[in-house]
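Engineer: Just passing along the structure, written as C-alpha cells.
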C-alpha cells in the first residue's frame, strides 16, 4: 500500500530536500512501495519504477496531470493535460536475461535499473546510453572467447537497445505535444520522478502554511492539525479568514 498520510509525506519531502534527483526518486519509490527494501527497489527495471510512481501519483493527486513544455518550433510555453491512467500501461517488466547475437558476438544482458542510472550519471550525456548497456551486460563472447563490454560491436549495441526498449517500453514516458500557437509538434519524455517531486514540494509547502496559520489561530500542534481531513482543515482556515 502506498504512503499517503500527510505526516509521512512531509517526512519524505523533508528528507528529499537535501538530496539530488536520484535520491529523491528513490524516496518516492519507497513511498510507493513501503514494504520493499532499498535493495529490492534498486534492482527493479526502470519501467517497474515508473509504474509504481504512477500509482503513487494517482493516489496523491488524482488522474489529471498538468504539464508545461516549451514548443520546439516557436518557443511558446504550452500547457497540456495528461491522463495518468493512460501512461505506463504495459506489462510489468521482469528480470529475465535478454540475448543478442550479431557480428559473431553473442551477448547476454539485463534491463537497466535505477541503480544502473546512478552508476552512469557522471558520464557525458551522449555516452550514457552506451555506458548503461555496458553496465547491464552479463556476458559477451566471440567464438567462445570473452569480449569486453566496451568492445561489443555497434550494431549489436543497437540491437541491445532495441530489445531493451521492447522488453521495458514503460521505462520512458514518451509523449508528443501539439502547439496551439504554431501547430508544431514537440516530442518529449516525461520524467515522472521529477514531475511528482515538484508536485510533492508544492503540496508540502502549502500544508506547512496551513499548519502555521491554524497553529497561530488555535494553538494546535502540528500532529493534531495533520490528523484533520483536508476538508476540515480548509473549513477551519476559512473561519480564520472570516474572523
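The values are calculated or read from the model by the stated rules, or taken from the named source; none is laboratory data. This is a predicted model, so every value here is computed, not measured. Ideal geometry is used to build each Cβ from the backbone, glycine not excepted, and the neighbour counts take in all protein chains shown.
Engineer: Is it the case, given these coordinates, that residue 67 is touching a helix residue (DSSP H, G or I) at 6+ places or on another chain (Cβ under 6 Å) and either outside any loop (DSSP other than H, G, I, E, B) or more than 30 Å from residue 140 (Cβ to Cβ) (or both)? Step through it out loud before you land on a result.
Structural biologist: Numbers: touching a helix residue (DSSP H, G or I) at 6+ places or on another chain (Cβ under 6 Å): no; either outside any loop (DSSP other than H, G, I, E, B) or more than 30 Å from residue 140 (Cβ to Cβ) (or both): yes.
No.
Engineer: Taking the residues in the range 195-207 that are out of contact with any strand residue (DSSP E or B) (no Cβ under 8 Å at 6 or more places or on another chain) and surrounded by 13 or more Cβ atoms within 10 Å (Cβ to Cβ) as candidates, determine which candidate is nearest to residue 23 (Cα to Cα).
Structural biologist: Applying the first criterion (out of contact with any strand residue (DSSP E or B) (no Cβ under 8 Å at 6 or more places or on another chain)) to the range 195-207 yields 196-207.
If we keep only those that are surrounded by 13 or more Cβ atoms within 10 Å (Cβ to Cβ) too, we end up with 196-197, 199-201, 203-204, 207.
Values: 196: 13, 197: 11, 199: 16, 200: 15, 201: 15, 203: 19, 204: 18, 207: 23 Å.
Among those that are out of contact with any strand residue (DSSP E or B) (no Cβ under 8 Å at 6 or more places or on another chain) and surrounded by 13 or more Cβ atoms within 10 Å (Cβ to Cβ), it is 197.
Engineer: Could you check the range 80-96 and list, in sequence order, the residues that are loosely packed, with under 11 Cβ neighbours inside 10 Å and either closer than 30 Å to residue 156 by Cα or touching a helix residue (DSSP H, G or I) at 6+ places or on another chain (Cβ under 7 Å) (or both)?
Structural biologist: 89, 96
Engineer: For the range 97-115, enumerate the residues that are surrounded by fewer than 14 Cβ atoms within 10 Å (Cβ to Cβ) and under 19 Å from the mean Cα position of the chain (by Cα).
Structural biologist: none
Engineer: Further question: Being touching a strand residue (DSSP E or B) at 6+ places or on another chain (Cβ under 6 Å) and within 16 Å of residue 162 (Cβ to Cβ) is the filter here; which residues of the range 111-145 pass it?
Structural biologist: Residues satisfying the conditions are 111, 136, 137.
Engineer: May I pose another question? Taking the condition assigned by TED's automatic domain parsing to the domain that holds residue 160, at pLDDT 85 or above and surrounded by 16 or more Cβ atoms within 10 Å (Cβ to Cβ), does residue 25 pass?
Structural biologist: On the way: assigned by TED's automatic domain parsing to the domain that holds residue 160: no; at pLDDT 85 or above: yes; surrounded by 16 or more Cβ atoms within 10 Å (Cβ to Cβ): yes.
Judged against the criteria, residue 25 is not a match.
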